[in-house]
1. What 222 nm value per residue comes from the helices of the chain, counting each DSSP H run with n ≥ 4 as -39,500 (n - 2.57) and dividing by all residues, nearest 500 deg cm²/dmol?
2. Rg(Cα) of the chain divided by 2.2 N^0.38 Å?
3. Would you mind putting 88-101, 20-33 in packing order, based on average other-beta-carbon counts within 10 Å, highest first?
4. Name the residue farthest towards the positive end of the dipole of the chain from the options Asn36, Thr95, Leu119, assuming +1 on Cβ of Lys and Arg, -1 on Cβ of Asp and Glu, about the Cα centre.
5. Compute a Gaussian network model of the chain, connecting alpha carbons closer than 10 Å, and tell me which residue from Ala103, Ala115, Ala55 fluctuates the most.
6. So if we plug the beta-carbon distance of Asp125 and Ala85 into 1/(1 + (r/R0)^6) with R0 = 35 Å, what FRET efficiency do we get, rounded to 0.05?
7. Between Ala136 and Val100, how high is the FRET efficiency from 1/(1 + (r/R0)^6) when r is the Cβ-Cβ distance and R₀ = 35 Å? Nearest 0.05.
8. Taking 0.36 nm per residue of separation and subtracting the Cα-Cα distance, what length does fully extending Asp4 through Arg92 add?
Amino acid sequence: MKRDSRLSSVLHALLHMAEHDGPMTSEALGQCLGANPVVVRRTMGLLREAGLVSAERGHAGGWRISADLKTVNLRQLHAALGEPAIFAIGNRNETPECLVEQAVNAALDKAFLEAEALLLDRFADVTLADLAADFARRHAERRATRE
């Protein structure tokens, strides 16, 4: 099963946008992400619907963060993306006749729900400002080692 990397891509794009003065085009964001601008527009459209980014038309237009980095957390972004599946693993059959498979599903479902709840709680604790600060620290360290 293919992994859904949209959350990672959105975080990457938003951090580029946070460092950039002015709006960024879908083409520029696509270059940063190694993605097609159409995919960028589709994904940014979901964030616009959630009130996290805005789009400006025209020659100097593009996407701009419209929310405070300190208040936007990973859980909100996950929700804005339609709450994609957290895990790529699952039950072999969702409605089995076999009692053994029913017992297996019950155990797996409970574990998946508990793990997902923990992860989503952790997502709620991490803001875009946290990620931007980590990026700034890493960037400063890299600059210092090159000098």
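Laboratory data are not the source of any read-out in this text; all were calculated from the coordinates shown. Keep in mind the model is a prediction, meaning the values are calculated, not measured. In this analysis, Cβ positions are derived from the backbone assuming ideal geometry, glycine residues included, and neighbour counts consider all displayed protein chains.
1. -19500 deg cm²/dmol, from helical runs alone.
2. 1.31
3. Per-residue Cβ counts within 10 Å, averaged per peptide and sorted highest first, yield 20-33, 88-101.
4. Looking along the dipole axis, the top candidate is Asn36.
5. Ala103
6. The formula returns an efficiency of 0.95 here.
7. That gives a FRET efficiency of 0.10.
8. Length gained between Asp4 and Arg92: 29.7 nm.
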